[in-house]
Amino acid sequence: MRFATPCALLALLLIPLLLYFQLGRKRPQALKFSAVALFGPAGISWRQRLAGLPLVLRVLALILLVTALARPQQGIEKTYDISHGIAIEMVIDRSSSMGEEMVFNKTATNRLEAVKKVFEEFVNGNGSQLSGRPNDLIGLVSFARYPETICPLTLAHEALNGFVDKIQLVTNRAEDGTSIGDGIALAAARLQKAEEVMTREYKNDTAGHYEIKSKIIILLTDGAHNAGNLTPLEAARLAAQWGIKIYAIGIGEDIDMSGVQGFFARLNRLAHGVDKKTLQEIADTTGGIFRMASDADSLRTIYGEIDRLEKSEIESVRHIDYAEHFPVFVMSALVLLVLEAALRATLLRKIP
């Protein structure tokens with residue numbers, strides 16, 4: 001509550017002055033008696049007890065009228081968060097090789113579970129190394145032999161945890177494989193339509209005040225491409241054409257195979273896991289980076305690097321709408337004045 005013209009409240013200081021002139025002046029006596037004590041046994045009637053009520057009603061009415069002149073207003077504050085966020089598609093390998101052991105917080109688990117848990121820290125923050133991504137659109141794609149959209153791009157990050165839990169290691173041998181190219185292509189297609197998603201899914205002030213600053217893919221895999229329709233480089237070139245940057249993360253031990261060439265190099269990459277050469281080319285093609293992560297701590301470090309490279313911005317615009325409440329005070333004052341006039345003319349009438 002606030003007053004648009006608070007200086008009008010100074011008029012309240014005049015009310016004690018009016019009371020002084022109303023009560024302090026000496027009225028002429030209508031009848032003269034030698035001793036008023038003669039009226040003592042008669043007692044005091046209820047009319048006499050309420051004789052001052054009309055004056056009280058008039059004072060209250062004046063207070064209400066002065067308050068109305070000050071224009072009391074109730075403010076309804078609206079805060080718009082104008083975000084310059086980043087659209088992020090997480091592309092996670094769920095092939096059988098992701099079942100290999102990996103350390104998470106000094107506890108042995110499989111690679112997929114460690115990746116999922118650190119991903120949740122990246123999105124929500126962990127209070128120390130990772131601050132979270134509250135202003136970003138985040139979607140989730142997983143792949144083995146075939147890619148699959150697990151969660152569409154969303155700002156409702158509280159729902160992401162449930163979708164992440166649904167990602168499980170492939171159990172059907174016919175579906176096992178590593179389709180990196182198709183996984184990237186599916187994620188890139190989702191990002192390419194990100195603005196349409198905002199307009200369709202957020203039919204409120206959010207869509208009108210949200211700007212997608214950049215689009216990125218975070219690819220996590222422990223293998224080499226061996227399935228699908230598109231090669232990783234074909235998919236990377238498609239992403240680059242749409243202005244999408246890819247951060248490629250290899251999951252596993254960093255084994256140096258730089259001395260192996262040709263056909264045997266491919267066999268070695270398949271045998272040892274991560275195809276570092278291809279992941280580096282993917283990153284270079286789109287302007288991203290390639291890093292290896294051997295455990296959860298190194299994965300957090302990589303996410304911290306991405307945090308520094310891809311910063312989101314937010315600006316709050318404060319807008320207040322005011323509703324006028326002076327009519328309530330005016331109407332209340334009029335009711336009191338009418339009641340005062342009615343009492344003076346009827347029940348509390350004085351003669352003369």
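Only the coordinates and a few stated rules stand behind these numbers; no lab work does. Remember, predicted model here, so these are calculated numbers, not experimental data. Cβ placement follows ideal geometry from the backbone for every residue including glycine, while neighbour counts extend to all protein chains displayed.
Label point of LEU343 set 7 angstrom out along Cα-Cβ; within the range 54-69, amide nitrogens under 14 Å from it belong to 54-62. Modelled this way, with points 7 Å down the Cα-to-C-beta line, the labels at PHE163 and GLN280 are 3.3 nm from one another. Amide H to amide H distances under 5 Å link PHE104 with THR109, where only residues 5 or more positions off or on other chains count and H is placed in the peptide plane. Compared with the direct C-alpha span, the chain from VAL335 to PHE3 gains 117.3 nm at full extension, assuming 0.36 nm per residue. Anything over 24 Å Cα to Cα? Flag those among LYS106/LYS276; LYS116/LYS311; LYS117/LYS193; LYS166/LYS311; LYS193/LYS277; LYS117/LYS213, in the order listed. The pairs that break the limit, which is 24 Å between Cα atoms, are LYS106/LYS276; LYS117/LYS193; LYS166/LYS311; LYS193/LYS277; LYS117/LYS213.
Note on MET292, MET331, MET1: ascending count of other Cβ atoms within 10 Å places them as MET1, MET331, MET292, the fewest first.
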